[in-house]
Structure formats: structure tokens, C-alpha cells
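Single-structure report; data block below.
The values are calculated or read from the model by the stated rules, or taken from the named source; none is laboratory data. Note that the structure is a prediction, hence the values are computed from the model and not measured. Neighbour counts run over all protein chains shown; Cβ positions are idealised from the backbone, glycine included.
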Amino acid sequence: MFLRRVTPSVFLILITFLCSAVLAAEDSDQSPFAVLSVDAPRPSQHVMGWVDSREVLSLNGSWKFLVDPMQVGTPGSLFGGWATTRVPEDEYQLLEYSYANAADIRVPGDFNTQFDELLYYRDTVWYQRHFDIDLSKQGRYHLWFGGANYKTTVYLNGQAVAHQSGGYVPFSIDVTDYLLLKDNDLIVQVNNRLDADTVPTERTDWWPYGGLTRDVMLVHTPEAYIVNASVQLDDDLSTVAGHVQTYGMSAGEEVVISLPEIDVSAITQTDDSGVARFKFEASLDQWSPSNPKLYEVQIASDSDQISDRLGFRTIAVEGTQIFLNGEPIRFRGISTHEEPIGRDGVAYSRADMDALFGEAKQLGVNFVRAAHYPYSRHAAKAADEMGLLLWEEVPIYWNINWENPETLRIARDQVARLVQRDWNRASVVVWSVANETTYSEPRMAFLNRLIQDVRELDDTRLVSAALLGDTRRELQHVVTYLAANGLASDIPSDREKRIFQQVINAAGDNAPRRNSSFNLLITDPLGELVDLVSYNEYFGWYYSRFIADQTGVSERTIRLLMLELMPKVTLASAFDKPMFISEFGAGAKAGKRGEGVRTEDYQANVYRAQFEMIANSPQVQGMTPWILKDFRAMLRSLGGVQDFRNRKGLIDENGRRKQAFYVLRDFYAGDWGRQ
């Protein structure tokens, strides 16, 4: 019946369209109704640095935005064709997909919190905007993205110009040959869905915010330009050394490195690979938390010039101590997530980072662990100016697929981009390659590769990873000592003491005496590869629940005994290196006081017991309790308490301080913090 009503010309057009779609599908070995795959090159592995000194056109602001779980907008799609900005020419024109009447969205920023209905959305979205450019200027034009979560394909004027897998880190594309003088059409496809092979995987204890979460800009450079440069202070504290990466320059071209404030400059030349290496003497005030001194550094060739404000300092370990500028230092720290105070979503601006780190400084810290992924470039710049030492991390987290080559490629790419972006930030003293990964030989090989990559790119900072340790062995060790102490305590019931006696009997000759102290030794072989042996431990929180489940003793009894036991524990590692407690803590809902877990009082008591344990542990040279602020987490669904937030913060999401905030502040003001 349908075919009888169609005129020959319309029928011919319909058949032609369907045949074209089928032929295109045959060429790509896909059904005409499938989501078409799009080939696009990967961005350059050389990260364009020093971008804030460049001539740029900011592409931040309002973009058009479409949600597309079926990927209808993919170029060549049967239903979308090309995601167009046109409006229908008349009432007969059929458009399945158009940006003309799409929603507006702010860039940078995540899409999850800009639209209430997208809070839990994890799939494809499209961003679109137009821009004009003055093409009369000679040189190259580069689209620069500070980061996009987590898979991104960039289209400019109908051409797929780049595809990037892996979020949080910067990438850029030379788009000179694709630009128009007027009305450039920029479309970006972003998918924030994670799976077993991505970095991170689909299960994280933070919100997988999606979209264009960092700045977007069009950067102009000369035809031959400086791509990036690393400028470092040598261990002798009087020599500046590094290298300059260039593009389009011939071997032998001169590059000048200058510090105008102290009237020092050096001239070097590019080699056959376009790299210019340098080394010169300079008398500099060393950067430190008490003296966050920054110098203007200029790097110039005949065709190009870049500049930035940089600090100069050294960081090293010797035995079990950490040395900043040759002087021993303890890291008095706090962990954070990249969420602003008083607003849900990703912290994307300098103002967000100033507020977050400013609140951290109120604790008396000199160190921040920026967990568990790279923050925006504004974080390290803020830390430079505020005098905060910084730990930066890539999201190698929990259940990574250690044996997938593509997973390793993404991880190596994230490491390389993070290091190249921030290798000049004096505040950054630790590169972390993982968090809470369990031992296996494939894990060791994977992380060893990343550690080698870090050191090849930048050997002037410490390398670490937040370890879990051998949790089963360590908890069994804790149980026996908890039982021995429980037998000497009035807290357990008679039934619970009988259970403890059974534990002691089972330990036999290895059973500890009542009220005895013990040493908890971290033996994870990854400790052999890192500079700083970091350990996440949850005495007084998760451990108590695990032990209660294992023994049949009430959780109340275990928790109260644990608070008594912790001051008798010494934390140490099997390696002659500094030890760092990268996480500890307890959850509390702000304003909830009294007995029991999730109260401010219990959280504060856990902190007090932790401090006694850490004070007993001379190998521990720093810590970053978990965490400064309550943050969004899909794992945390307990209604009326968590409401999809991790409540271990010292402040809540709106900045309300809990009792443990003041307990930590007082500890850092005491003897341990002053040493």
C-alpha cells in the first residue's frame, strides 16, 4: 500500500538514499542502522605547555548541547546524517537532528550537575558552537582542550580532527588547515561511560562527571614554535637545567632562557630532533611553603616566545626522611577531591581551587593530596602561589585490567600528559601512579612501566602509589592483638571474651600478651619501586566492621577496643624509605553528635587515636587524612545519611566544619607538626 502512494521521483530519491546508506555500510562492514565508527587521529603526544602566555581565543562560555545515548548525531548516521545547526527551510524538510533549538550549557563544567535529569547519566553527549577567526595572521592554530571525560571526538567544519581516550588531561590539535574565516562549526562528542578496560574503570568512589570539564581555547603560534619546556633546579641548589621542545625549527637554531628579575640568561641550540637542552648557574631563593617565591621565566627563539612564573626547589628522600631544598620536612597534609565548596560538580576555575585550597590551609597544612585523578591546571598554579606542596595522581584505581594493552596505552598517555603539563610547578613534589590496587604479577609489570615513564619524563620529583598492603594478613595480625587486649578490658561481654580466648588459643605460640603493642609492617613489593611508601589504612572505620563480621563480636565492642588499641600500634614498611599515610578517616554527618558511628564525636575520636598511632611511628613522615570535604559518590546511597555522598569530609559540601577539623588543626600546630 505504501509503495502505491509514492510518486516515481520520490521513490527514486528514497531508493537512492537507502542504497547510499547500504553501500556506505558495506564499505565500513556495518549495517546501515548501526552506529557508524569514525576514524580520527590521536592528538600529539607532546603536550602544548605555557598556554597562558600564548595568544588565545577562549572558547569557554555558552555552547549548544544534546543528549544522545543512541549516537544519532554521528556523521553519516542514517537518522542524523550530520548533526546540523540548520532550521527547516520549510514545513516539508525532514530533520531528525539539529542544534538550532538545543539546550545551552556552560563550558567548562560537567553536564551532570548543570541538568538535574542528567545527574546519573553516563553516555554520549554532543557540544556545538560557532566561532570566527582572523586568518590574515600567519602561523598555526591549535584547538586546546584542558580535559574532557572520558572519550572525546572533535569535529571541525565537518571533519573529524581528533579522538582522545582518557579524561582529565590536556590535548591539542593543529587545525590550521580546517579553519574558515567566518562561522567555524565546532562539534565535540563526549562519552563519560566507563567499563572494565577504561582508566578508571566503571566503579569509582567519586562521581564520574562528564563533558568538557576544563577550558577550551584556540591557541595561535608562529609556523615554527616552542611546544613546551621543562625548567628545574638541580640538587646543588645553584644550577638550573632542562630542555625546550620545538616544532618546525631547524637544527642549530638559538633558544634563549631568561630570568629578568636576577638578570640571568643562557643561550642554547636545537638538535636534530628540535630539542634544545640547557644548564646554567643562578642564585635563586628556593620555593617552599614558608617562602613561595616565583620568578618570571622567559623562553624565546627568533620566531616565538613563551613565559610563566615558576618556583625553584628540590625534593629528595634519603633513608626514611624527606628533604625539601636539602632540609628535612614532614608532609602535614589533607586529601581532596576536585569539587568546589558550596556547589555540586567539578571544580573548574581558579576561584574554585583558591577556595578549596584556602580552606585546606586553615588546617595548618603544607601538603595536599589531589586524589584520584589530574585536576585542572589551575590547581597546581594556585598551590604554587599559596605555598602548598602537591601530590598529583592518575586514576589507576581499584580493578584495572592489567593485561589489556589498550588500558596500558591510555594509562601511559594520562601519565605523560599530566607530567608534561605540570613539570614546572614547584608545588608538585609527588607523582602517584595508582591508588588501592591489589598485588599480582601483571599489576607489578603495568605499574613498573608507568613508574619508568614518569622517571624518564621527570626525575626531579618523588614517585609513589597509595598502597592497600596485604589486608588479609594485616587484619589477621590486628585480630590477635585486639583479642589479647580485649581479654584485659571491661568492654567485651563474657561471650565475646570466650571468642577472644579462642582466637588466642588458635594463635598458639604466636599469641601476644595482654595489653601488648605491636608493629604493623607493610610489605607490598611495589614499595621497592617507589620513592615514598604510601599506605591507605582505616583503623577505627572499615577494619572494625571487617573484624566484627569475621569474629562474631559486636561491632560496638570492636570499635571501642580498636580506639584503645590504636595508640599501641606502630606503622612501618619493609623498605628503608619514608612512609606516608595517604588515607585514614571516618564518616560523619555534619551536626550529628553523640554516641555511635557517623557522628562528629566518633570521627573526632578516630582522628585522636590515629594521631597517637602515627606519633609512635618514626618511619611515617607525612599524612593526608581522608578527606577535606564531603563529596559526591554513587557508591554511597544510604538515605538520610550519605545520600550519594562520601561523608568522611572534615567539612560538609557547603563548608560547615566538623569537630575533627579542629582536632586535626590542633595536631598540626603541636610537636609532630612543627618537626
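Quick look at the numbers
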| item | result |
| --- | --- |
| Residue in the range 285-294 that is buried (at least 21 other Cβ atoms within 10 Å of the Cβ) and either of a type in the set (Val, Ile, Thr) or within 18 Å of GLY49 (Cα to Cα) (or both) present | no |
| Matching residues in the range 552-576 - criterion: being touching a helix residue (DSSP H, G or I) at 6+ places or on another chain (Cβ under 7 Å), among the charged types (D, E, K, R) and either within 30 Å of ILE329 (Cβ to Cβ) or surrounded by 19 or more Cβ atoms within 10 Å (Cβ to Cβ) (or both) | ARG559 |
| In the range 224-267, the residues that are under 21 Å from LEU457 (Cβ atoms), of a type in the set (Val, Ile, Thr) and surrounded by fewer than 20 Cβ atoms within 10 Å (Cβ to Cβ) | THR239 |
| Segments classed as strands (runs of 3 or more DSSP E), wholly inside the range 240-343, with at least 1 members that are modelled with pLDDT of 95 or more and closer than 27 Å to ALA224 by Cα | 254-259, 264-269, 275-281, 295-300, 305-310 |
| The range 47-58, residues that are under 23 Å from the mean Cα position of the chain (by Cα) and either β-branched (Val, Ile, Thr) or crowded, with 16+ Cβ neighbours inside 10 Å (or both) | VAL47, MET48, GLY49, TRP50, VAL51 |
| Index of the failed condition, ASP110 passing every other in (1) over 18 Å from ILE187 (Cβ atoms); (2) surrounded by fewer than 17 Cβ atoms within 10 Å (Cβ to Cβ) | (2) |
| Meets criteria (assigned to a strand (DSSP E or B), closer than 21 Å to THR221 by Cα and among the aromatic types (Phe, Trp, Tyr)) for TYR127 | no |
| Residue selected from the range 352-394 under the condition without any contact (Cβ under 8 Å) to a residue 40 or more places away in the chain and in contact with a His (Cβ under 9 Å, 6 or more places away or on another chain), by the criterion nearest to ARG313 (Cα to Cα) | ALA370 |
| Residue that is farthest from GLN420 (Cα to Cα) [pool: residues in the range 163-191 that are aromatic (Phe, Trp, Tyr) and within 22 Å of the chain's Cα centre (by Cα)] | TYR168 |
| Listing of helices (runs of 4 or more DSSP H) fully contained in the range 585-675 that carry 3 or more residues being more than 30 Å from ASP344 (Cα to Cα) and out of contact with any Phe, Trp or Tyr (no Cβ under 7 Å at 6 or more places or on another chain) | 600-615, 671-674 |
| Members of the range 83-112 found to be more than 10 Å from LEU66 (Cα to Cα), at pLDDT 90 or above and not aliphatic (A, V, I, L, M), listed by number | ARG106, PRO108, GLY109, ASP110, PHE111, ASN112 |
| Given (1) of a type in the set (S, T, N, Q); (2) more than 30 Å from GLU406 (Cβ to Cβ); (3) touching a Gly at 6+ places or on another chain (Cβ under 9 Å), number of the condition THR213 does not satisfy | (2) |
| Test: ARG309 is among the basic types (Lys, Arg), touching a residue at least 12 places away in the same chain (Cβ under 8 Å) and crowded, with 19+ Cβ neighbours inside 10 Å | no |
| Condition check for GLY585: crowded, with 22+ Cβ neighbours inside 10 Å and at positive phi | yes |
| The range 560-580 residues that are within 14 Å of ASN515 (Cβ to Cβ) and in contact (Cβ under 8 Å) with a residue 12 or more places away in the chain, paired with ones that are part of a loop (DSSP other than H, G, I, E, B) and β-branched (Val, Ile, Thr) (beta carbon under 8 Å, 6 or more apart) | LEU561/ILE491; GLU564/ILE491 |
| Total residues in the range 381-428, condition assigned to a helix (DSSP H, G or I) and either in the same structural domain as GLN286 (by TED's automatic domain parsing) or closer than 20 Å to ASN149 by Cα (or both) | 17 |
| The range 529-548 - residue that is out of contact with any Lys or Arg (no Cβ under 9 Å at 6 or more places or on another chain) and part of a helix (DSSP H, G or I) and, of those, farthest from LEU462 (Cα to Cα) | ILE547 |
| The range 555-604, residues that are over 33 Å from the mean Cα position of the chain (by Cα) and of a type in the set (Gly, Ala, Ser) | GLY594, GLY596 |
| Residue match in the range 311-331 (condition: more than 28 Å from TRP672 (Cβ to Cβ) and not aliphatic (A, V, I, L, M)) | yes |
| Positions within the range 134-158 being farther than 21 Å from ARG377 by Cβ, surrounded by 17 or more Cβ atoms within 10 Å (Cβ to Cβ) and hydrophobic (A, V, I, L, M, F, W, C), in sequence order | LEU156 |
| Residue within the range 495-512 that is touching a strand residue (DSSP E or B) at 6+ places or on another chain (Cβ under 7 Å) and modelled with pLDDT under 95 present | yes |
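Yes/no matrix, rows are residues, columns are (1) in a loop (DSSP other than H, G, I, E, B); (2) buried (at least 21 other Cβ atoms within 10 Å of the Cβ); (3) over 38 Å from the mean Cα position of the chain (by Cα); (4) not β-branched (Val, Ile, Thr):
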{"position": "ALA484", "(1), (2), (3), (4)": "no, yes, yes, yes"}
{"position": "ARG498", "(1), (2), (3), (4)": "no, no, yes, yes"}
{"position": "ASN515", "(1), (2), (3), (4)": "yes, no, yes, yes"}
{"position": "GLN550", "(1), (2), (3), (4)": "no, no, no, yes"}
